[in-house]
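Working notes, beginning with the structure itself.
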Amino acid sequence: MLRRRLDIPLNRDSSVRFLPWIIALMVYLAGLALAGTLVLQGTLQRWDASLSGTLTVQLPPPGDGKPDALAAALALLRPVRGVTSAEPLSPEATRRLVEPWLGTALTAAELALPQLIDLRIDPAAPPDLAALQARLAAAVPGAVLDDHRLWLDRLAGLVLSIEATALAIVLLIGGAAVLTVVFTTRAGLAVHHAVVEVLHLIGARDGYIAGQFQRQALDLALRGGIIGLALTLLTLLAIGRVSAATALFGEHVRLLPSLALRPWHWLALALLPFAAALIAMLTARVTVLRALKRMP
Amino acid sequence: MVRFENVGMRYGAGPEVLRDIGMELAAGSFHFLTGPSGAGKTSLLKLMYLAERPSRGLISLFGRDIATTPRRELPALRRKIGVVFQDFRLIDHLSAFDNVALPLRVAGLAEEQIREHVSELLRWVGLAEKLNARPATLSGGQQQRVAIARAVIGRPSLLLADEPTGNVDDEMALRLLRLFEEMNKLGTTLVIATHNEGLVTRFGHARLHLENGELTQERLRAQHAG
Ligand SMILES: Nc1ncnc2c1ncn2[C@@H]1O[C@H](COP(=O)(O)OP(=O)(O)OP(=O)(O)O)[C@@H](O)[C@H]1O
Ligand SMILES: [Mg+2]
């Protein structure tokens, strides 16, 4: 179908030469944005699953003249029945936890990150968490016992806003793609006005003429889209390699999210070039049909 | 077949180039369209092949009022009209064969049928050797014959030819006019704009004469100078 003879020599226009590369770039950017949100979602879900057996104690940020808050809290927590371990997270580790989202520019002190104690409890004989919370708050003012839900909720909020941003970016890219195809098609119509007019006058339906432009747009956009997808996959592969080398605490925390995309995630990425081609095709069609409406 | 009532036409906001045109061309008739350069012959044909719309008046083709015919029905109407454009309007990147095949392809005919018809017609107009030639590599007269072949390939009910013999020698002009007469005998209605008074008198068909945008219809009942 893509190799069908064209009555209109669109494939020789200089204006169409760049279209595949523009589409490739757009699919690449959209692919990265999409992969990013999918990875974030996956990370969030994994955290959700892996943290459910643990608790966190949050202490006020160190440095306001209470350096013994951590020691006091540990001393209180460790002897409690049902507590299997209570290990502080170093400020460095805490900072790294939020680094993928906030970057490395800010130090822990600047962020006033709370001190965290990783608390593992015996699920078979858990301590009285409410009582523990009360004792903890009495011993260390400002200390909070939370079960990670709070953190996860905040992270989920962050992830949601990142996702919204990514979606907006994808939509903007789509809009730019539409405009690009509109201009390319209009240029084609202008260059080939004489041929279009002859086709029109010998009784070609608008759909026949539009078909020539839309096939061309489909062909070019699909080619560009596949290039863009290939670039996306190469980039993801590279990130995946780097990510695997940065696993912290075993699999518990990774500096970079792992690329454990699900099959349907890969499918969604693979559909991008086809979505781009479809958008390009429909845009070309609508553009030509509108222009032809102006002919008698 | 073709009916004009009080038709006027102007290009954009320019002056009227056609004024008060009223005529009725019967199905199967054969008319020459004559008149000095700039009189409006091409403009009148453009109205007939639906490339332009009148600024006033009524045009009906095949018994249908053009102004009220829905747009989606116009392509089918146009396919019943064959046009030889004054400037040929061949498509440069297509071969002579593909140019002539275009109306059939646009109408959705099968390729085998197209191949047979087109080759036969191109042979008939003396271009059997030039099937694969691009228009740019053909002489003016050869291009004109390709243009004529493209106009008649779809066996139109109405054939409009704008100076179809302007670039060919007398012998080829006679040959082409005989092709037109053949088509006329098979029922095609013809309007042929020409400056060639010799042909008009020789073939002696009815004449539409334009002068300064106005029509004077004369009937020259000339006898065939066999
Ligand atoms: N596209 C156009 N825009 C504006 N004016 C035009 C256009 N085409 C033709 N005209 C004007 O319309 C008038 C009639 O032109 P037309 O081409 O119909 O003449 P014609 O009889 O075919 O002449 P010729 O014998 O030289 O082909 C002329 O005055 C011409 O300048
Ligand atoms: Mg003319």
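No value in this document is a laboratory result; all are computed from the given coordinates. Bear in mind the structure is a predicted one, so any value in this text is a computation, not a measurement. Heads up, the Cβs are rebuilt from the backbone with ideal geometry, glycines too, and the neighbour counts pull from every protein chain shown.
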ask   = How big, on average over all directions, is the shadow cast by the Cα convex hull of the stretch B:110-226, in nm²?
value = 8.8 nm²
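To the nearest whole percent, what portion of all C-alpha pairs in the protein assembly as shown is separated by more than 33 angstrom?
Values: 81413 of 135981 pairs.
Percentage above 33 Å: 60.
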ask   = Nearest 20 debye, what's the magnitude of the dipole of the protein assembly as shown about its Cα centre given +1 on Lys and Arg Cβ and -1 on Asp and Glu Cβ?
value = 1060 debye
ask   = Across bins of 10 angstrom width beginning at 0, how are the C-alpha pair distances of chain B distributed, in whole percent?
value = 8, 33, 36, 20, 3
query = How big is the stretch B:49-167 on each of its three principal axes, counting only the C-alpha atoms and giving the largest first in Å?
reply = 46, 33, 23
message = Can you work out the Karplus-derived ³J(HN,Hα) for every residue in the stretch A:27-43? Use 6.51 cos²θ - 1.76 cosθ + 1.60 with θ = phi - 60°, whole Hz, and x for glycine or proline.
response = 5, 4, 5, 4, x, 5, 4, 5, 4, x, 5, 5, 5, 4, 4, x, 4
ask   = What shape does the stretch A:114-221 take by its C-alpha gyration tensor, where a ≥ b ≥ c are the square roots of the eigenvalues and a/c under 1.5 counts as rounded, a/b above b/c as prolate, and the rest as oblate?
value = prolate
message = Starting from the 7 Å offset along Cα-to-Cβ, what nm value, one decimal, do you get for the label separation of A:ARG290 and A:ARG78?
response = 7.3 nm
request  = Take the Cα pairs of the stretch B:90-155, get the Kirkwood Rh, then feed it into Stokes-Einstein at 37 °C and 0.692 mPa s and tell me D in µm²/s.
outcome  = 288 µm²/s
inquiry  = So for chain B, averaging the separation of alpha carbon pairs under 8 Å that are six or more residues apart and normalising by length, what relative contact order in percent results?
reply    = 28 percent
inquiry  = Per DSSP helix of 4 or more residues, -39500 (n - 2.57); summed, then divided by the residues of the protein assembly as shown. What does that give at 222 nm, rounded to the nearest 500?
reply    = -17000 deg cm²/dmol
Which of B:LEU104, B:GLY141, B:TRP124, positive extreme of dipole for the stretch B:90-155 (C-beta unit charges) = B:GLY141
ask   = Angle, helix B:170-185 long axis vs. longest principal axis of chain B, Cα atoms, 0 to 90°, nearest 10?
value = 70 degrees
